[in-house]
Amino acid sequence: MKIQLNELGENRSAKIVSFSGGKKLLDRMLQHGIYPGDKLILKRTAPMRGPYLIEIDGREIILGRMIANKIIVEIEE
């Protein structure tokens with residue numbers, strides 16, 4: 001099932017399928033070492049529309065909500 005990262009529940013894992021923000025977002029994600037096919041865990045969402053904390057390959061990365069809205073993931077059952 002494909003959803004936006006911001007729809008994933010805390011402590012759930014998923015695989016990144018694509019980015020829906022165009023080339024600029026793709027370039028930014030690649031610079032941070034975030035690629036389609038990577039498996040991630042949504043560790044925490046900050047209250048009051050704060051950022052998301054994800055883990056990819058043992059690295060913790062903070063993403064703003066606008067970026068999380070543009071990352072398409074597939075839920076791992």
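Descriptive notes on the structure:
- Taken together, the criteria place LYS2 among residues that are surrounded by fewer than 13 Cβ atoms within 10 Å (Cβ to Cβ), touching a residue at least 40 places away in the same chain (Cβ under 8 Å) and basic (Lys, Arg).
- Considered as a group, the residues in region 11-24 that are within 12 Å of the chain's Cα centre (by Cα) and not hydroxyl-bearing (Ser, Thr, Tyr) include one that is farthest from TYR52 (Cα to Cα), and that residue is VAL17.
- Checked across region 42-54, the condition of being in contact with a Leu (Cβ under 8 Å, 6 or more places away or on another chain), charged (D, E, K, R) and in a loop (DSSP other than H, G, I, E, B) holds for no residue.
- Residues in region 8-60 that are of a type in the set (Gly, Ala, Ser) and under 16 Å from LYS70 (Cβ atoms): ALA14, SER18, SER20, GLY21, GLY22.
- Condition met for ILE62 (free of Cβ contacts under 8 Å to residues at least 12 places away in the same chain and in a strand (DSSP E or B)): yes
- Candidate set from region 29-77 (those that are small (Gly, Ala, Ser) and on the phi > 0 side of the Ramachandran plot); member that is surrounded by the fewest Cβ atoms within 10 Å (Cβ to Cβ): GLY58
Bear in mind these aren't lab numbers, they're just calculated from the coordinates by the rules spelled out. Model, not experiment: these values are computed from the prediction. So basically every Cβ, Gly included, is an ideal-geometry build from the backbone, and we count neighbours across all protein chains shown.
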